[in-house]
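The structure under discussion appears below in the form of structure tokens.
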């Protein structure tokens, strides 16, 4: 595992941006949040079908993130969804099915029970939570680095950051360990990172 020196300036800029965006996101009216989340899920459903992905690594939304439950409800049984669980500071993804129990983690996220762990294939796609993204695929997360490490360890895995269009910014401060995503999805559609 690589060790990096944390830049105080970059970290301070990230924290400032993160707080501003989360506050703005929390102020989205509930009806608008639901509408935008539904549009995001429609784009994702169509895109997943077009690209023939079968194993979808999702997450349970928190801190006013776009809700992916509309996506999950519309999936046929041919698809499998996996939710993340943090174990020893690493992300592991476990099969999740409707009705399965979720437990609140120390980080405030909801995690699945440990059962069938994911085996990544060319039919796997990762939906990545984020606070913001820029047009270069730089993602501003919550500061834990869990997804950055997972993406770094699985470089061939297609990654899609999920966020509301209002949360995009021009330029995200980048540290050496930050990993770019391949796509991002907002209520306006899916964008490929060139």
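Here are the numbers for this structure:
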quantity: Segment 105-120, residues that are surrounded by 11 or more Cβ atoms within 10 Å (Cβ to Cβ) and either modelled with pLDDT of 85 or more or within 24 Å of residue 63 (Cβ to Cβ) (or both); calculated: 105, 107, 109, 110, 111, 112, 113, 118, 120
quantity: Verdict on residue 120 being closer than 24 Å to residue 35 by Cα and in contact (Cβ under 8 Å) with a residue 60 or more places away in the chain; calculated: no
quantity: From 57, 75, 83, residue being modelled with pLDDT under 95 and surrounded by 20 or more Cβ atoms within 10 Å (Cβ to Cβ); calculated: 83
quantity: Of all residues in segment 176-194 being assigned to a loop (DSSP other than H, G, I, E, B) and surrounded by 15 or more Cβ atoms within 10 Å (Cβ to Cβ), the one that is nearest to the chain's Cα centre (by Cα); calculated: 181
quantity: Subset of segment 140-169 (residues that are part of a strand (DSSP E or B) and over 16 Å from residue 23 (Cα atoms)); calculated: 159, 160, 161, 162
quantity: Conditions (1) touching a strand residue (DSSP E or B) at 6+ places or on another chain (Cβ under 8 Å); (2) part of a loop (DSSP other than H, G, I, E, B); (3) closer than 17 Å to residue 61 by Cβ: number failed by residue 137; calculated: (3)
quantity: Count of segment 80-104 residues which are closer than 13 Å to residue 59 by Cα and assigned to a loop (DSSP other than H, G, I, E, B); calculated: 1
quantity: Subset tally (residues that are without any contact (Cβ under 8 Å) to a residue 60 or more places away in the chain, touching a helix residue (DSSP H, G or I) at 6+ places or on another chain (Cβ under 9 Å), outside any loop (DSSP other than H, G, I, E, B) and within 19 Å of residue 120 (Cα to Cα)) for segment 35-79; calculated: 0
quantity: Filtered residues of segment 138-166 (kept if within 24 Å of residue 24 (Cα to Cα), crowded, with 20+ Cβ neighbours inside 10 Å and touching a residue at least 60 places away in the same chain (Cβ under 8 Å)); calculated: 140, 160, 162, 163, 164
quantity: Residue check for residue 102: free of Cβ contacts under 8 Å to residues at least 24 places away in the same chain and under 26 Å from residue 25 (Cα atoms); calculated: no
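The values are calculated or read from the model by the stated rules, or taken from the named source; none is laboratory data. Predicted, not measured: the structure shown is a model, and the values here were computed from it. With ideal geometry, Cβ positions are generated from the backbone for all residues, glycine too; neighbour counts draw on all protein chains shown.
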